[in-house]
Amino acid sequence: MVVSAFDIILCLTLVWLAWHVLTSQDLFKAVVLFISFGLLMALSWVRLQAPDVALAEAAIGSGLTGALFLSALRRMTSHRRGERRLDCDEVREDEGQ
Amino acid sequence: MRCVKMKGSEASGKRRHISLLSLLSLVMLAGLSAALAWAFLTPGPDPLGLAHRVDAALAESGVESRVTAVLLNYRAYDTLLECFVLFLGVAIVWSLQPSRPVRQEPRVDPVLSSLVRLLVPLMVLVGGYLLWAGSSQAGGAFQAGAILGAAGVLLILTSSRLLSTMPKGLLAWGICLGLFFFLAVAVGAVALGGNFLEYRRSSATMIIIALEVVAAFSIGLSLAVFFGGSRPEEPSERTAAGRPPHGEGEEP
């Protein structure tokens with residue numbers, strides 16, 4: 001009972017995190033959420049009795065990819081400092097006024 | 001650049017477009033979830049899949065772990081192709097133009113450097129353990145390689161010139177080593193009269209362990225090189241600050 005409640009909470013948290021990764025305006029926040037998503041994903045692989053996949057997910061999906069994202073983010077922000085970086089398919093509320 | 005100049009009306013039109021897109025993706029997501037739930041709830045013809053066949057042949061595979069047996073014996077072909085994918089990834093990353101280092105001055109955080117000094121030996125130990133554990137329980141070449149790659153990333157973080165101070169030939173050979181060894185094993189099996197990637201029962205354990213060690217080394221190196229970015233420049237080729245030595249815009 002406790003275990004299935006844990007699984008349900010894990011699933012809901014994963015979906016919630018994924019949604020916030022995609023919709024977050026702040027790229028740094030999105031990267032941090034992505035890393036925590038990867039760690040929870042590794043936890044759910046453990047719950048699915050696939051410890052090999054869990055290890056690979058935690059190390060590659062979360063750790064290395066997160067480090068790559070953070071490094072890319074640092075390069076982006078240092079390239080055009082003071083200028084807000086926008087992806088072309090997302091427009092903020094206060095833009096264009 | 002273009003979106004910064006966008007006017008308000010265009011922006012609202014774009015927003016409507018986006019909300020339509022997100023609605024569409026929500027519908028598709030719901031459909032996918034329903035299909036997955038249906039697949040999960042209706043039992044297939046053989047719920048065990050190939051598990052019993054894997055177990056039946058486990059004694060011949062040379063290892064005790066089912067996952068390792070599948071990855072490096074039954075379906076070693078897939079793992080060989082995975083090594084090819086990593087190799088191709090490194091080739092693509094190295095074909096990119098070198099980027100200017102973010103920090104010009106070599107400033108190393110004392111917290112970072114002491115943390116790395118503590119963590120890297122531990123990570124090498126954990127990687128070695130995962131490699132060794134791979135033959136009987138969870139772990140294996142890819143996991144060990146990932147840990148080694150993470151250790152390499154930490155080392156690169158402390159000194160961004162690390163990759164360029166390494167001899168480039170050594171680096172390239174280290175990356176290719178796993179793939180070449182895998183190919184040599186595969187072709188060697190054919191030369192000895194077997195099938196492609198078929199191991200003899202007597203030597204299967206030795207071959208798999210050797211493959212795992214070499215592959216983990218190459219995987220770790222490849223992942224660290226991914227983080228390093230473009231092909232590291234030779235120390236002698238390093239010219240004026242920020243000018244890419246291999247760039248197309250290089251003046252004669």
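The values are calculated or read from the model by the stated rules, or taken from the named source; none is laboratory data. Just so we're clear, the structure is a prediction, and the values are computed from it rather than from any experiment. Virtual Cβ from ideal backbone geometry, glycine too; neighbours counted across all protein chains shown. Heads up: the accessible areas ignore ligands, DNA and RNA and are worked out on the full protein's heavy atoms, side chains in. Shrake-Rupley method; radii C 1.70, N 1.55, O 1.52, S 1.80 Å.
Checked against (1) part of a helix (DSSP H, G or I); (2) modelled with pLDDT under 90; (3) open to solvent by 80 Å² or more (accessible area, probe 1.4 Å), A:LEU39 passes all but condition (2).
Filtered by the rule that a residue be modelled with pLDDT of 90 or more and not assigned by TED's automatic domain parsing to the domain that holds B:LEU171, segment B:55-114 gives no residues.
Selection within segment B:161-212: residues that are surrounded by fewer than 18 Cβ atoms within 10 Å (Cβ to Cβ) and of a type in the set (Val, Ile, Thr). The member of this set that is nearest to B:ALA57 (Cα to Cα) is B:THR205. Using the structure shown, decide if B:ARG15 is more than 30 Å from B:ALA210 (Cα to Cα), modelled with pLDDT under 80, surrounded by 12 or more Cβ atoms within 10 Å (Cβ to Cβ) and within 14 Å of chain A (Cβ to nearest Cβ). It is true that B:ARG15 is more than 30 Å from B:ALA210 (Cα to Cα), modelled with pLDDT under 80, surrounded by 12 or more Cβ atoms within 10 Å (Cβ to Cβ) and within 14 Å of chain A (Cβ to nearest Cβ).
Could you tell me which residue of segment B:127-159 is surrounded by the fewest Cβ atoms within 10 Å (Cβ to Cβ), considering only residues that are more than 10 Å from chain A (Cβ to nearest Cβ) and among the aromatic types (Phe, Trp, Tyr)? It comes out as B:TYR129. If you check B:LEU125, B:LEU163, B:LEU131, B:LEU119 for being assigned to a helix (DSSP H, G or I), farther than 29 Å from B:SER65 by Cα and assigned by TED's automatic domain parsing to the domain that holds B:ILE219, only one passes: B:LEU163.
The set of residues from segment B:111-126 being without any contact (Cβ under 8 Å) to a residue 24 or more places away in the chain and open to solvent by less than 60 Å² (accessible area, probe 1.4 Å) comprises just one member, B:SER114. For segment A:50-97, the tally of residues that are under 27 Å from B:SER230 (Cβ atoms), within 7 Å of chain B (Cβ to nearest Cβ), at pLDDT below 85 and open to solvent by 50 Å² or more (accessible area, probe 1.4 Å) stands at 3.
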